[in-house]
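Notes follow once the structure below has been shown.
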Amino acid sequence: MTSVESQMEVFGELLHGFSQACINLRYIAGEEANDLIAGVLPNGWYPLEKYIKMGTIVANAYKDAPPILERVGEEMMLGWYHLGPGKDIVHKGVEFLTFKTGSEGYQSVVRGPKDIVGDFVPDTIDLSSGTAVVTSEAPPQTDERSFEL
């Protein structure tokens, strides 16, 4: 575990969401993943290391893991939207961007020192063209993507 990881925690629901996404998609996470979330309470806080291990378990089970992990992330978001509070909070893409900014989104499930946790910042939102540029900083890398609203 790096010094960055040791200073960060994830919300228990994030771990449960990852596990449920694997079940929904019929991806193999195995007994090791079940052991990893045993005793994890949805409203508790846990070392980031647990979340990283979940991803590693799935990644090691597949030859081409990145598309699998991307689908797991999509499934987690669908669960948040359809089974969690998403429908009550977000009705349009631009509302999702607003929600993700600051403590309501990313920082509601990942915590640690502000300079390490990172942020989700909509750099530009152009409603007339339906596009946005977002900077999403999450350890250990920075990722910038453009997408349609």
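The values are calculated or read from the model by the stated rules, or taken from the named source; none is laboratory data. What you see is a predicted model, and the numbers here were worked out from it, not measured in a lab. Neighbour counts are summed over all protein chains in view; Cβ atoms, including those assigned to glycine, are modelled from backbone coordinates with ideal geometry.
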Requested in this report: Hey, can you tell me all the residues within segment 75-92 that are buried (at least 16 other Cβ atoms within 10 Å of the Cβ) and either in a loop (DSSP other than H, G, I, E, B) or not hydrophobic (A, V, I, L, M, F, W, C) (or both)?
Outcome: E75, G79, G86, V90
**Report entry** Residue within segment 64-73 that is farther than 18 Å from Q7 by Cα, of a type outside the set (A, V, I, L, M) and crowded, with 17+ Cβ neighbours inside 10 Å present
**Finding:** no
Query raised in the report: Among the residues of segment 110-139, how many are β-branched (V, I, T), modelled with pLDDT of 80 or more and either closer than 22 Å to E49 by Cβ or in the same structural domain as K50 (by TED's automatic domain parsing) (or both)?
Result: 1
Report summary line: Expected single match for outside any helix (DSSP H, G or I) and on the phi < 0 side of the Ramachandran plot among N43, N34 is N43
**Report entry** Lone unmet requirement of (1) surrounded by 14 or more Cβ atoms within 10 Å (Cβ to Cβ); (2) part of a loop (DSSP other than H, G, I, E, B) for K50
**Finding:** (2)
Query raised in the report: Inside segment 103-120, can you point out the residues that are assigned to a helix (DSSP H, G or I), touching a strand residue (DSSP E or B) at 6+ places or on another chain (Cβ under 8 Å) and not polar (S, T, N, Q)?
Result: Y106, V117
Report task. Taking the options V72, V10, name whichever one is part of a strand (DSSP E or B), within 25 Å of T135 (Cα to Cα) and not polar (S, T, N, Q). Result -> V10
